[in-house]
Amino acid sequence: MTGLMDIQHIRNFSIVAHIDHGKSTLADRMLELTGTITARQAKDQILDTMDIERERGITIKASAVTMEYEHDGQAYMLNLIDTPGHVDFHYEVSRALTACEGALLVVDASQGIQAQTLANAYLATESGAEILGVINKVDLPAAQPDLVAEEIEHVLGIRKNDCFRISAKTGMGVKELLAAVCELLPPPADRSGEPTRALIFDSQHDDYRGVICYVRVVSGSLKVRQKIQLMGAGSAYQITELGKFRPDMRPVEQLGTGEVGYVIANIRTLGDVQVGDTITDDARPAPDALQGYKPPMQMVFSDFYPGNNTEYPRLRAAFDRLALNDASFSFVPQNSQALGFGFRCGFLGLLHMEIIQERLERENDVDVVQTAPTVSYELLLRDGTVKRIDSPSELPDRTLIEEIREPFVRLEIITTTDSIGGIMNLAESRRCKLVKTDYLSPTRVMFDYKAPLAEIVYDFYDMIKGISHGYATMDYEFTGFEAGDLVKIDILVNHTPVEALSLIVHRSNAEARGRKLIVKLRRAIPRHQFEIPLQVAIGGKIIARETIKAYRKDVTAKLYGGDVTRKMKVLKRQKEGKKRMKSVGSVQIPQEAFMSILDTSD
Amino acid sequence: MPSKSHLDPLEDVMAGVALGLSQGGVPTKAGWAEAAGLYVHVPLCRSKCRYCGFYSVPVAGRDTGRLVAGLLRELDRCDGVGFSTAYIGGGSPTALPADQLIGLVRRIHERCPGVEEFTVECNPGQVGLGLLEGLRRAGVNRLSFGAQSFRAAELQRLGRGHCVEDITRSVELARWAGFGSVGLDLIFAIPGSTLADWQCSMESALDLNVQHVSAYSLSFEAGTAFEALRDAGRLRAVDEELDRAMYEWAVARLQRAGFEQYEISNFAEPGFECRHNLGYWANRPFLGIGPGAASSWCGNRTLNDPDIERYLTAVESGSEVPGEVQPVSSDDMICETAVLNLRMRAGIDLAEFERRTGHDAMRTFAEPIQRYRALGLIEVTDRAVRLTAQARPIADTVLCDFAALE
């Protein structure tokens, strides 16, 4: 492609879908049909990327691919902006959508609309993108495309006859879909005459080249060697390289209005770049920045402590590495009286936490003890100030607090009609308020709840999966903080309060929760050489006690010459078992115990 | 009644000295210059006890003469090794015909003149005066009887082949034969038994005026009938509290009777400790001969093939006895020494530990020592580290922290 493409022939779009509904397969098929990659490359693509990662320590997310496509005798530039990371991440989905004029909403023909489909559709609508409904996997025997089309019309208001029926796997209908992308999705607005403004919608760290910014040029243009300014950060840089992903990085001299590509400008760390910031020309800056994104709000927090204090520096290094490529993950040193030195980590949500956890274990061989995830609270203090706290341990004295506000979410659950009763009972027991019920079809129903995040943060998803035999899906979105009658439950282990086991709960079920909680703890903490009292205190008053009995007899009776090797192995295992535990005074608390406090099952 | 001098264990030691035999350090072919133990395993039993996890096969139909010859062939290879203690165990050594067992002892004694303590494990009811006198004359100076219980119902439950009277008579015969060092093994916490049952057994044992008592809490060993019955829900292990009560009662009772608890499960009148077993807990080297016998020698722990036929074929053809050889890393050696030492009342002798391992136990195990000291489970003197009385019933929960280095 030489020179700048006519803006009228540029299409910027995303594919949004529930996990496993075929987003990646559709993307691969499009890359193939447009000749961007060969069929063979499509298969090898993932592997190649991983090899590069391994060999050179580079991670390049091909999350914005430029394709050339001829339609009706016209050359089009199609920029497919993939949603990087996990599709569950609203924030990442929404920032990708902001760089697009259109979105393909993919729904599996046999599974129908799922909670994530809906959440993604709302995001697309909010971002003003034109949405095309796509029903995928229509070639499967279990496909019910008519039914799914009706659901789409009913829930999303996209006319059922306008939905595209495709099989991304076989390629059926994908050509027609590409044609529709050219015909039905709008081109970018022509603002080539205005001062340069480019939206940074993602960023990536490369060990050799520093930060690679993924940008969408909204007005004006970007050129190599141009001096630019990050409007939010107020910092200036010089562009050293511009390019497009095809899908490998291919340098260009210039990126024009409406185009999508990457910018490299000697930016050292991800911390220097705020995704959502606007790039403008340093000499002729635009008067206003583009409307960025709200910075991702960390809603879930959890403490990570090294199993052994000597591993603290290793844990710190591991977090440093993780944070390098994930700007939405944060960690701050934390010193707990009971657990020693560790880190308090903030996550966008539970899934995000699980991903970080997994990477920590897989990529860094560090034994960690993690505390139960908690949500963030907002406090209105007597002196009129408002304060955010990320941990029950930060709660100041009760007399200083006017009110405690907890985060609420809009919770959507889609399930089958036969599990309605079970799900509604569960939701009610978790203080969720039903806002709306909608029948998607005679057998599928959608609930819209207003729910306290704290109540759904731990095992709620597993429980609705259980109730619905794996069918139900859920998604949630933060709506705001609201005051509630909340109290703090403290746990004393062997007469010592352990903040990491504290919880903030609603007063109505605080006592019941407290009692249940120490029963769980009694089962989760192994016996010791001495008796361990467990106590629950609410507002400083002890309301319940359990006792972990001491070992009374645990000794090998016979240990002679022939028994040594075997016995040493047994003792080593016994010692090994203590490794993933955290010492609180002389009590060893295993990882499961910290999590068990959120387990509300009987 | 035997003369007083026959009851004096020192007599044998003195006899050895008089013959000009070395006492402590014994030069060996491996260049090992310290007292080593010799263990001879006789893997034969008249019948299998239902709780026993040791390796043994029925004696009936076996060519026991060939086995004894085989054991001696294996011993031949240890020519030049000096042993200070010998122990024939099993299985049931007394399942061998009397003349063969006596012959085995005699040959070992001839070959290992430095042996100062020579023990043979005996099954009550499987010993006559002739056998015992023969053993005594051949060089045995210590007997250990597998009494297990003085309650008929318990003996039956355990599947023992003897009755209560067999124990009493056997111990009396041993005394007649001139043995002045006799020990009894007892088992407590037998499924279904009460504290009173245990007290009865212990009192009966003390009535026999033995010098040594081993009191073992019954454990469910892998592959035993007891284990299968427990797993099938047909046998229930005694309650942990009762197990502990039985143990503590025994410790107190034996102490009153003048026995010192010199190891978790072993009690002796002063001077009658089993030196051979003390060698295990000191982590001194020992050689085991016979099918299924274990050795600890030159930095390896080895286990002979338990299959009698394969074992005999190998020794008879002059080839290496098949089995497992496991090198003990220096870390493992340090840990083994600590764990084994701590089972003894004397604990870790700090100077001896450093001499044996090259490490300072106080520094190597600083963390667990400090932690358990604070909990009153370990006591430290300027010469030793040892478990407290409070720690012994739950010793494994403490010892596991000495089983591996950080």
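The values are calculated or read from the model by the stated rules, or taken from the named source; none is laboratory data. From a predicted model like this one, the values you see are computed outputs, not experimental measurements. We place every Cβ from the backbone using ideal geometry, glycine too, and count neighbours over all the protein chains shown. For the accessible areas, the whole protein counts, side chains as well, though only heavy atoms, and no ligand, DNA or RNA atoms are used. Shrake-Rupley method; radii C 1.70, N 1.55, O 1.52, S 1.80 Å.
Computed quantities for the displayed model
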quantity: Residue, farthest from the other protein chains (Cβ to nearest Cβ), within the range B:271-302, restricted to residues that are free of Cβ contacts under 8 Å to residues at least 60 places away in the same chain and surrounded by fewer than 18 Cβ atoms within 10 Å (Cβ to Cβ); calculated: B:Gly299
quantity: All helices (runs of 4 or more DSSP H) inside the range B:343-406 with 2 or more residues being in contact (Cβ under 8 Å) with a residue 12 or more places away in the chain, within 14 Å of chain A (Cβ to nearest Cβ) and open to solvent by less than 50 Å² (accessible area, probe 1.4 Å); calculated: B:366-374, B:395-399
quantity: Single unsatisfied condition, A:Met77 versus (1) farther than 25 Å from A:Asp108 by Cα; (2) open to solvent by less than 60 Å² (accessible area, probe 1.4 Å); (3) modelled with pLDDT under 75; (4) aliphatic (A, V, I, L, M); calculated: (3)
quantity: Options A:Lys572, A:Lys549; residue that is farther than 30 Å from A:Arg430 by Cα, out of contact with any helix residue (DSSP H, G or I) (no Cβ under 6 Å at 6 or more places or on another chain) and within 8 Å of another protein chain (Cβ to nearest Cβ); calculated: A:Lys572
quantity: Selection count where residues are open to solvent by less than 70 Å² (accessible area, probe 1.4 Å) and out of contact with any helix residue (DSSP H, G or I) (no Cβ under 9 Å at 6 or more places or on another chain), scope the range B:315-331; calculated: 1
quantity: The range A:522-546: number of residues that are without any contact (Cβ under 8 Å) to a residue 60 or more places away in the chain, within 14 Å of chain B (Cβ to nearest Cβ) and part of a loop (DSSP other than H, G, I, E, B); calculated: 4
quantity: Test: residue in the range A:210-231 that is surrounded by fewer than 17 Cβ atoms within 10 Å (Cβ to Cβ), under 28 Å from the mean Cα position of the chain (by Cα) and over 30 Å from A:Leu501 (Cα atoms); calculated: no
quantity: Residue check for B:Met333: within 14 Å of chain A (Cβ to nearest Cβ) and either on the phi < 0 side of the Ramachandran plot or in a helix (DSSP H, G or I) (or both); calculated: yes
quantity: Residues of the range B:247-270 satisfying the condition of being within 13 Å of chain A (Cβ to nearest Cβ), open to solvent by 10 Å² or more (accessible area, probe 1.4 Å) and assigned to a strand (DSSP E or B); calculated: B:Gln261
quantity: Residue identified as touching a Leu at 6+ places or on another chain (Cβ under 6 Å) and closer than 30 Å to A:Asp288 by Cα among A:Arg191, A:Arg209, A:Arg225, A:Arg197; calculated: A:Arg197
quantity: Selection status of A:Val155, in contact (Cβ under 8 Å) with a residue 40 or more places away in the chain, open to solvent by 20 Å² or more (accessible area, probe 1.4 Å) and outside any loop (DSSP other than H, G, I, E, B); calculated: yes
quantity: Pairs, first within 26 Å of A:Tyr461 (Cα to Cα) in the range A:115-129, second of a type in the set (Asp, Glu), C-beta under 6 Å, six or more apart; calculated: A:Ala115/A:Glu412; A:Ala115/A:Asp475; A:Gln116/A:Asp475; A:Leu118/A:Glu412; A:Ala119/A:Asp475
quantity: Residue within the range B:195-213 that is among the hydroxyl-bearing types (Ser, Thr, Tyr), within 14 Å of chain A (Cβ to nearest Cβ) and closer than 17 Å to B:Gln148 by Cβ present; calculated: no
quantity: Matching residues, the range A:385-409, being assigned to a helix (DSSP H, G or I), among the hydrophobic types (A, V, I, L, M, F, W, C) and touching an Asp or Glu at 6+ places or on another chain (Cβ under 7 Å); calculated: none
quantity: Unmet criterion (only one of (1) modelled with pLDDT under 95; (2) more than 34 Å from the chain's Cα centre (by Cα)) for A:Pro533; calculated: (1)
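The rows are residues; the columns are (1) over 30 Å from A:Tyr439 (Cα atoms); (2) modelled with pLDDT of 95 or more.
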| position | (1), (2) |
| --- | --- |
| A:Glu126 | no, no |
| A:Val138 | no, yes |
| A:His154 | no, no |
| A:Gly157 | no, no |
| A:Leu177 | no, yes |
| A:Ser192 | yes, no |
| A:Gln204 | yes, no |
| A:Tyr208 | yes, no |
